[in-house]
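Written out below as structure tokens is the structure these notes cover.
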Amino acid sequence: DAKTTQPNSMESNEEEPVHLPCNHSTISGTDYIHWYRQLPSQGPEYVIHGLTSNVNNRMASLAIAEDRKSSTLILHRATLRDAAVYYCIRNSGNTPLVFGKGTRLSVIA
Amino acid sequence: DGGITQSPKYLFRKEGQNVTLSCEQNLNHDAMYWYRQDPGQGLRLIYYSQIVNDFQKGDIAEGYSVSREKKESFPLTVTSAQKNPTAFYLCASSILRSTEAFFGQGTRLTVV
């Protein structure tokens, strides 16, 4: 049970921002919100994670709702190389990561 | 050049044969994991280990076995008892209780 809910698929035009939503309404106080992405035929790679505050790194931004029941991964300018499956995971660090089916992002040139 | 290495990338085996998938890491991570991925699905946890000579079953351990004799290595054996072994197998490692895991490039196993 992934305990997060994501849309099955989303589409974006190249060079436009992308907002990938995730619901985690039963999140506990010690759970971090993680995002990983998986390019075709590759292993997942870490994108970003956060606990309460919004987070930015070179790959993306993570916006976390004030009640922590939802979050949004923001890719500021989608490129063709961003086409992948994006996984939203809640985890406290004490147990292995549990992956759902994620959101398949398509980027249109 | 630190990372996780899985080998081979593609593996073919006849039904009824055991096969061992290799996973090596030079990141000095304590924890290592094996996941299985079927087409269009997310990753499912097979086994994980947080310390040498100790490991725990994941959600789908039946038909698989592992060993952790060295910190750097966590091989996975797919036994003949695994009913549907054809899948993409992914190995990962992390610092203990870390929120960031590093994955290998995967081994695609096909059993014919």
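The values are calculated or read from the model by the stated rules, or taken from the named source; none is laboratory data. Worth saying up front: this structure is predicted, and the values here are computed from it rather than measured. Don't worry about glycine lacking a Cβ; one is built from the backbone with ideal geometry, like all the others, and counts go over all protein chains shown. Heavy atoms of the whole protein, side chains included, go into the accessibility calculation; ligands, DNA and RNA do not. Shrake-Rupley method; radii C 1.70, N 1.55, O 1.52, S 1.80 Å.
Residues are listed down the side, and each one gets a yes or a no for (1) part of a strand (DSSP E or B); (2) free of Cβ contacts under 8 Å to residues at least 60 places away in the same chain:
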| residue | (1), (2) |
| --- | --- |
| A:41 | no, yes |
| A:47 | yes, yes |
| A:59 | no, yes |
| A:62 | yes, yes |
| A:66 | no, yes |
| A:74 | yes, yes |
| A:89 | yes, no |
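Within segment B:66-86, if we keep just the residues that are open to solvent by less than 10 Å² (accessible area, probe 1.4 Å) and in contact (Cβ under 8 Å) with a residue 40 or more places away in the chain, the residue that is farthest from the other protein chains (Cβ to nearest Cβ) turns out to be B:78. Go through (1) within 14 Å of chain A (Cβ to nearest Cβ); (2) in a loop (DSSP other than H, G, I, E, B); (3) within 17 Å of residue B:44 (Cβ to Cβ) one by one and return the number of the condition residue B:92 breaks. Every listed condition holds for residue B:92 apart from (2). Would you call residue A:31 open to solvent by less than 20 Å² (accessible area, probe 1.4 Å) and at pLDDT below 95? So residue A:31 fits the description; yes.
Applying the criterion of at least 3 residues that are closer than 27 Å to residue A:39 by Cβ and polar (S, T, N, Q) to the strands (runs of 3 or more DSSP E) found wholly in segment B:1-71 leaves B:4-7, B:19-25. Being more than 27 Å from residue B:104 (Cβ to Cβ), touching a residue at least 40 places away in the same chain (Cβ under 8 Å) and in contact with a strand residue (DSSP E or B) (Cβ under 6 Å, 6 or more places away or on another chain) is a property that does not hold for residue A:34. Among the residues of segment A:65-94, those identified as open to solvent by 20 Å² or more (accessible area, probe 1.4 Å) and within 15 Å of residue A:33 (Cβ to Cβ) are A:65, A:66, A:67, A:68, A:69, A:70, A:72, A:74, A:90, A:92.
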